[in-house]
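Below is one structure, written out as structure tokens; the observations come after it.
The values are calculated or read from the model by the stated rules, or taken from the named source; none is laboratory data. In this text, all values refer to a predicted model and were calculated from it rather than measured experimentally. Neighbour counts run over all protein chains shown; Cβ positions are idealised from the backbone, glycine included.
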Amino acid sequence: MNPPKVFVTGATGFVGRAVVARLRLAGCPVCILARQPGSAPVRDLVSRFGVEVRQGDVTAPESLPPAMTGAQAIIHLVGIISEVRRVTFVRLHTEATRHVVRAAQTTGIRRLVHMSALGTRPNAASRYHQTKWAAEEIVRQSGLDWTIFRPSLIYGPEDHLVNLFATLIRWLPVVPVLGGEQTRFQPVAIERVAEAFAAALQNPAAVGQTFDLCGPERMTMRELLEQVMAAMGRRRLLVRVPAPLACLQAATLEFLFPRLLGKAPPLNRDQLIMLGEDNTGDAAKADALFGLQHRKFRDGLAAYTSIP
Ligand SMILES: NC(=O)c1ccc[n+]([C@@H]2O[C@H](COP(=O)([O-])OP(=O)(O)OC[C@H]3O[C@@H](n4cnc5c(N)ncnc54)[C@H](OP(=O)(O)O)[C@@H]3O)[C@@H](O)[C@H]2O)c1
């Protein structure tokens, strides 16, 4: 059987770029949803991987069926970590997923691999997780051949978070530690996440399944920062920020960034809620089905250009 042609949303993002690379390695033709077809990240995907570009927006439902034409499978990755004005969790997670599912039903595409997040559950505390849960429920009730992935923190040379930490470590004498002192994460390498998405697409045993994606080590935020410092060969004082102060900082950033810069804040109160919760899971099911071979976080850090 020929590899399926895959329609990818969120292809220009950190996860999307790696997923597209992996799909092309597996021989899958790829078409991507692009809000701005002429943007530099889109042109980069075209020149590196020969993807087809389909103009559209997950918040504009009428744009999706024509954009999906000719595809045999969908990978839906779009998501946000911070809200700005009308770009809300409800619109970008829940409603966007409803639009993608409806467009799949309209166009007759049965296979859908959906990106969720670890910690997603009914009655979650954060709105990020609440809206990801509602999106998962839409996927589960879609009647499509679905698979859902829930990764922990994803890291890789082009990630958002570890690179931010590397910048803070480079420039600040004291680095803030946010979230609970005992809260644990299970960072997973972007290569393994991309591998799992590409493998799931063509594996019938993955249909109707929800998989955690986690790395082999559980660590606190302090331990994670210590590993980044060690990889950079630098020592910094790590200082835990008390919850009320962190909350005040996040609220200030939430107020200022959209108004002054029209951008999402680098930290918000919803993230603080998540940073206070364990973000660990059971990777065994995905590791066994997709043959994922993990490496240690420390070894993954060696690939970062931001970390000398
Ligand atoms: N990074 C992590 O550690 C992590 C962990 C667990 C789960 N996840 C999930 O993984 C997914 C991808 O995360 P990421 O880190 O790759 O995010 P990212 O780098 O911010 O990328 C977001 C992508 O979504 C696209 N997008 C945003 N709004 C859109 C819209 N209205 N219509 C169409 N496309 C739109 C962006 O396209 P433009 O180029 O047009 O902006 C971009 O391609 C998200 O669902 C996230 O919740 C991430």
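Being more than 10 Å from the ligand (Cβ to nearest atom) and of a type outside the set (Val, Ile, Thr) is the filter; apply it to the range 68-84 and report the residue that is farthest from PHE7 (Cα to Cα). Please lay out each step first, then the result.
First pass over the range 68-84, keeping only residues more than 10 Å from the ligand (Cβ to nearest atom): 68-75, 83-84.
Remaining after also requiring of a type outside the set (Val, Ile, Thr): 68, 70-73, 83.
Details: MET68: 6, GLY70: 9, ALA71: 6, GLN72: 8, ALA73: 6, GLU83: 25 Å.
Top of the filtered list is GLU83.
Is there a residue being more than 12 Å from the ligand (Cβ to nearest atom), among the aliphatic types (A, V, I, L, M) and within 16 Å of TYR128 (Cα to Cα) anywhere in the range 24-47?
The answer is no; no qualifying residue exists.
Could you tell me which residue of the range 251-290 is surrounded by the most Cβ atoms within 10 Å (Cβ to Cβ), considering only residues that are touching a helix residue (DSSP H, G or I) at 6+ places or on another chain (Cβ under 8 Å) and of a type in the set (Gly, Ala, Ser)?
Among those that are touching a helix residue (DSSP H, G or I) at 6+ places or on another chain (Cβ under 8 Å) and of a type in the set (Gly, Ala, Ser), it is ALA286.
Residues checked against (1) surrounded by fewer than 17 Cβ atoms within 10 Å (Cβ to Cβ); (2) among the small types (Gly, Ala, Ser); (3) out of contact with any Lys or Arg (no Cβ under 7 Å at 6 or more places or on another chain); (4) modelled with pLDDT of 95 or more:
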{"site": "GLN209", "(1), (2), (3), (4)": "yes, no, yes, yes"}
{"site": "CYS214", "(1), (2), (3), (4)": "no, no, yes, yes"}
{"site": "MET219", "(1), (2), (3), (4)": "no, no, no, yes"}
{"site": "GLU223", "(1), (2), (3), (4)": "yes, no, yes, yes"}
{"site": "MET229", "(1), (2), (3), (4)": "no, no, no, yes"}
{"site": "LEU237", "(1), (2), (3), (4)": "yes, no, yes, yes"}
{"site": "VAL241", "(1), (2), (3), (4)": "yes, no, yes, no"}
{"site": "PRO244", "(1), (2), (3), (4)": "yes, no, yes, no"}
{"site": "GLN249", "(1), (2), (3), (4)": "no, no, yes, no"}
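In the range 262-276, is there at least one residue being closer than 30 Å to ARG110 by Cβ and either at pLDDT 95 or above or not in a loop (DSSP other than H, G, I, E, B) (or both)?
no
Yes or no: the range 130-148 includes at least one residue that is at pLDDT below 95 and more than 29 Å from GLY276 (Cα to Cα).
no
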